Amino acid sequence: MVEMTAHRDHELLNMSVASSLRAITAAEAVRIWECNSGHHGVLLRERVMIGSDGACVAPEGHAARWRAVTDFQDLYKGLEAGLQVITGKDPPCCLWLPVSVKGRVHTCFELHLCTPLPAASLDVIRGILLIYQNYQSLLNDSEHDTLTGLLNRKTFDDHFTKVLRADWSDPGYSLQQPQACQRRNAPDAPLHDWLAIIDIDHFKQVNDHYGHLYGDEVLILIANLLRTSFRPDDRLFRFGGEEFVVLLRQVSSDDAHRIFERFRSNVEMQHFPQVGRVTVSTGYAHIDLQEAPVAIMGRADQALYHAKTSGRNCVCNYDQLLRRGQVQHESANDTAEFF
């Protein structure tokens with residue numbers, strides 16, 4: 001228990017809990033699934049797996065792709081009811097244990113059991129999962145912006161590092177997600193990760209003219225539009241004030257522009273109570289695995305500046321601007337810290 005609550009990272013926490021559950025239950029295998037409930041429906045992806053050899057693995061890249069909950073019919077019924085599910089009347093059987101955070105299923109534990117579990121063991125498991133639930137809630141609160149619910153600025157470094165660490169070498173990765181999450185990349189188009197900075201145009205005027213309550217409502221609605229415009233694998237951050245950052249995963253250059261342009265259009269067409277029309281400017285750049293985060297962020301910021309000085313309410317790609325001679329390449333000090 002002490003080891004479990006010593007972690008400040010979801011991955012390490014999951015590994016610790018999975019190891020504890022396997023030790024208590026003598027399970028043949030333990031898996032932890034992350035759950036995402038949104039406009040795509042309920043999706044699952046494997047976060048930790050401990051097999052019969054006791055080795056603990058955290059899948060990445062293609063191996064950690066999202067799957068529709070309907071792929072797991074027994075679990076699907078249990079999640080709807082918020083109850084634990086046992087597949088198979090007698091061992092060997094599979095025990096599914098959903099864990100909710102703030103009213104939504106956040107995680108699901110899958111235990112493959114070869115022997116029946118005594119009642120005392122089930123009580124211990126419930127106690128562990130209750131502590132896990134409370135601790136996950138604390139971690140989530142520390143990582144998310146209070147107003148919008150998006151990831152906050154201080155978590156950016158960690159998520160950016162995971163983007164660089166992930167193995168996206170499988171060219172079919174983006175095509176093997178659930179149907180609702182797929183994007184149509186051209187067959188031979190190279191896929192990249194992208195970093196975008198999105199800024200609300202004239203936001204200070206909104207606060208000055210309508211007041212901060214309406215300004216906050218604009219921020220909340222923009223955050224909701226971000227959630228419905230991007231996939232669960234894309235990372236959405238509020239950097240403070242009216243600035244947002246998006247880490248867009250594994251799409252072609254043409255698709256990246258279409259995606260950011262679609263979001264810009266969605267914002268422009270959205271009616272904001274009392275305020276009316278709001279627009280955003282976006283600057284983005286592809287993520288080069290050999291570059292420091294500060295360099296990539298700087299390029300996206302250059303593109304954003306160009307969007308702001310070119311009439312606002314537009315989307316600018318740093319690489320295109322560079323080819324046209326509209327921005328100049330600036331070298332960044334690799335040792336610099338962005339924050």
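Structure above, values below:
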{"read-out": "Flag for residue 235 being modelled with pLDDT under 95, in contact with a Lys or Arg (Cβ under 9 Å, 6 or more places away or on another chain) and over 17 Å from residue 153 (Cβ atoms)", "value": "no"}
{"read-out": "Residue in segment 159-178 that is at pLDDT 95 or above and in a loop (DSSP other than H, G, I, E, B) present", "value": "no"}
{"read-out": "Hey, residue 290 polar (S, T, N, Q), over 14 Å from residue 150 (Cβ atoms) and at pLDDT 95 or above or not", "value": "no"}
{"read-out": "Unique residue being modelled with pLDDT under 90, surrounded by fewer than 15 Cβ atoms within 10 Å (Cβ to Cβ), of a type in the set (Gly, Ala, Ser) and under 25 Å from the mean Cα position of the chain (by Cα) when the list is 61, 88", "value": "61"}
{"read-out": "Tally, over segment 90-124, of residues that are of a type outside the set (S, T, N, Q), in contact with a strand residue (DSSP E or B) (Cβ under 7 Å, 6 or more places away or on another chain) and under 13 Å from residue 21 (Cβ atoms)", "value": "10"}
{"read-out": "Where residue 137 falls short, out of the listed (1) closer than 20 Å to residue 36 by Cα; (2) modelled with pLDDT under 90; (3) not aliphatic (A, V, I, L, M)", "value": "(2)"}
{"read-out": "Any hit, segment 240-247, residues being out of contact with any Phe, Trp or Tyr (no Cβ under 7 Å at 6 or more places or on another chain) and modelled with pLDDT under 95", "value": "yes"}
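The values are calculated or read from the model by the stated rules, or taken from the named source; none is laboratory data. All figures in this text were calculated on a predicted structure; none of them were measured in a lab. Please note: Cβ atoms are built from the backbone with ideal geometry, for glycine as well, and neighbour counts cover all protein chains shown.
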